[in-house]
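Since the structure comes first, as structure tokens, the remarks are kept for the end.
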Amino acid sequence: MKKIEKELEVGLHQAYENDPIKADMDVFDREVDPKSRRGFLKKSSLLAMAAVVGSNIPFASKMPGGLIPAALADTNEPFSIPGKDGLVYLNDRPVNAETPPHLLDDKFTPGKHFFIRNNGIPPKMKDIDFDTWTLEIAGESCLNPQTFTLPELKAKFKHYTYAIQLECGGNGRSEYNPPAKGNQWTTGAVGCGRWTGIRLRDVLQAVGIKDDAVYIGYYGKDTHLSGDPSKDPISRGVPMDKALKDETLIAWEYEGEDIPYYNGYPLRLVAGGWPGSTSGKWLSKIVIRNKVHDGTKMGGQSYRVPCNPVAPGTKVPDEDMCIIESMPVKSLITYPKSGVTHKLGESFSFRGKAWAGEEEVKEMDISIDFGATWQKANLKKPVNRLAWQEWEASVKFPKKGYYEVWARATDSNGEAQPTIVPGWNPRGYLNNSCHRIAIQVV
Ligand SMILES: Nc1nc2c(c(=O)[nH]1)N[C@H]1C(S)=C(S)[C@@H](COP(=O)(O)O)O[C@H]1N2
Ligand SMILES: [Mo]
């Protein structure tokens, strides 16, 4: 651990000495104004603030609470989270952090760059033991409820590795107007890498699925923010046909290593192409249900959108909201970084990633004239179903000046990304508008 992190931890433990719940929390689970886009630290976390600005703050006692240090106001300076590198911090209780586009340039996202979306407080690392971790399979539509240890699951069922893309349903939320409550994700609540585990299908078939089964639901070992053990932070699921797909995994490995702690170590569900919220982390129980799973965040406005489009700002009754299933087609420009300068006359190469929920991306286009004309990019096939696809394109700019490069993917059903923010919805899900970067040609 770097020195400053150590100091931070010591400082915080002192600060929380008289508050056993806070003292017990992970070092990063501190209070932050959830509305502030960068989620900066309150006055109480001066050591943390000093860590972020890179030096101490002589007039710290005069600093208004919630002030965003000017040194950081317009940078994406990442806060450090153990095992993570370069993420942009949105909130720290629960921890939420996104990946800047240029850190999604690798073919597969390294664990250290994979975004974090927590709804509660993760189990403590010291309480997690890979060898005694258990997964219970139960529910009213399960024939023979059974509990397996993680080593039993590994020994009993065949292993599979798939590159699978996960994206939070709220990725892109920050662009909605009127604004939607929740983490103000820009473009970085997405990643793709190789998950290794067993098929959920094999485990469900081994315990027996009753004929009336329609849905599965998951439970994880994280705890509710209130500390109330009777409440789940989140418990979602998928219909049986998604649960039984080849690529729906119970995984213990990501990119050849243990799953990173914040991404669900030691065991998680991976249901690619659907909202990330269906991929339960710190997985401890799966229920086979005879009705749509009714766990926490399955109802109301959570991970649901109006069944029919509504005007921005409309109040939509719960009964008119539908559960999000496959995510829409989307893409990112991962090279270069927005804001680069380029010399006139030389051709410029762009590259990025594209994905389309349950579908495949069939075409990728880029525009340098605000969408007036489009040029086809070279698009690779996915390495397997539900993996993102690489693309690249090369452009010659006609004259000096300011340009934007826009990227647009089209899926196998002919659905293309919109150039402006699509259908407003109360919680700001499913923004798949084109990614844009700025280029100065000199
Ligand atoms: N147990 C548990 N599983 C969870 C969550 C959570 O808070 N707890 N968050 C969900 C949401 S909303 C998303 S987008 C993904 C994020 O996965 P990641 O943090 O590994 O990126 O995990 C999902 N699974
Ligand atoms: Mo999410």
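The values are calculated or read from the model by the stated rules, or taken from the named source; none is laboratory data. The model shown is predicted, which means the values in this text are computed figures rather than measured ones. As a convention, Cβ positions derive from the backbone with ideal geometry for all residues, glycine included, and neighbour counts pool all protein chains shown. Please note that ligands, DNA and RNA were not included when accessible areas were found on the heavy atoms of the full protein model with its side chains. Shrake-Rupley method; radii C 1.70, N 1.55, O 1.52, S 1.80 Å.
Beta carbons closer than 7 Å, at least 6 apart along the sequence or on distinct chains, pair a first residue in the range 159-182 that is closer than 14 Å to GLN301 by Cβ and at pLDDT below 95 with a second that is within 14 Å of ligand 1 (Cβ to nearest atom) and open to solvent by 40 Å² or more (accessible area, probe 1.4 Å) for ALA180/ARG427; LYS181/ARG427; GLY182/ARG427. When restricted to residues that are surrounded by 13 or more Cβ atoms within 10 Å (Cβ to Cβ) and among the polar types (S, T, N, Q), the range 128-146 contains 3.
Answer yes or no as to whether LEU166 is of a type in the set (A, V, I, L, M), in the same structural domain as ALA206 (by TED's automatic domain parsing) and either touching a His at 6+ places or on another chain (Cβ under 9 Å) or more than 16 Å from ligand 1 (Cβ to nearest atom) (or both). Give the steps one after another, and end with the answer.
Details: of a type in the set (A, V, I, L, M): yes; in the same structural domain as ALA206 (by TED's automatic domain parsing): yes; either touching a His at 6+ places or on another chain (Cβ under 9 Å) or more than 16 Å from ligand 1 (Cβ to nearest atom) (or both): no.
No; evaluated as a whole, the condition is false for this residue.
A count restricted to the range 288-300 and to residues that are surrounded by 17 or more Cβ atoms within 10 Å (Cβ to Cβ) and either at pLDDT below 95 or over 21 Å from the mean Cα position of the chain (by Cα) (or both) stands at 3.
Pairing residues of the range 272-284 that are touching a residue at least 12 places away in the same chain (Cβ under 8 Å) and among the β-branched types (Val, Ile, Thr) with residues that are open to solvent by less than 10 Å² (accessible area, probe 1.4 Å) and within 11 Å of ligand 2 (Cβ to nearest atom), at Cβ distances under 6 Å and at least 6 apart in sequence or on separate chains, gives THR278/ARG236.
Being over 30 Å from ILE439 (Cβ atoms), assigned to a loop (DSSP other than H, G, I, E, B) and modelled with pLDDT under 95 is true of THR314.
Residues are listed down the side, and each one gets a yes or a no for (1) surrounded by 18 or more Cβ atoms within 10 Å (Cβ to Cβ); (2) at pLDDT 95 or above; (3) assigned to a loop (DSSP other than H, G, I, E, B):
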{"site": "LYS353", "(1), (2), (3)": "yes, yes, no"}
{"site": "ASP369", "(1), (2), (3)": "no, no, yes"}
{"site": "LYS381", "(1), (2), (3)": "no, yes, yes"}
{"site": "LEU386", "(1), (2), (3)": "yes, yes, yes"}
{"site": "GLU390", "(1), (2), (3)": "yes, yes, no"}
{"site": "ALA393", "(1), (2), (3)": "yes, yes, no"}
{"site": "ALA407", "(1), (2), (3)": "yes, yes, no"}
{"site": "THR410", "(1), (2), (3)": "yes, yes, no"}
{"site": "ILE439", "(1), (2), (3)": "yes, no, no"}
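So for the range 185-192 (the condition being modelled with pLDDT of 95 or more, away from ligand 1 (no atom under 16 Å from the Cβ), assigned to a strand (DSSP E or B) and buried (at least 21 other Cβ atoms within 10 Å of the Cβ)), does at least one residue qualify? Taking every residue of the range 185-192 in turn, none turns out to be modelled with pLDDT of 95 or more, away from ligand 1 (no atom under 16 Å from the Cβ), assigned to a strand (DSSP E or B) and buried (at least 21 other Cβ atoms within 10 Å of the Cβ). Scanning the range 212-262 for residues that are in a strand (DSSP E or B), under 21 Å from ILE137 (Cα atoms) and in contact with a Pro (Cβ under 9 Å, 6 or more places away or on another chain) gives TYR215, ILE216, GLY220, THR223, TRP252. VAL88 satisfies every condition listed in (1) in contact with a strand residue (DSSP E or B) (Cβ under 9 Å, 6 or more places away or on another chain); (2) at pLDDT below 65 except (2). Within the range 109-136, being under 22 Å from ASN183 (Cα atoms), of a type in the set (A, V, I, L, M) and touching a Phe, Trp or Tyr at 6+ places or on another chain (Cβ under 8 Å) holds for one residue alone: ILE116.
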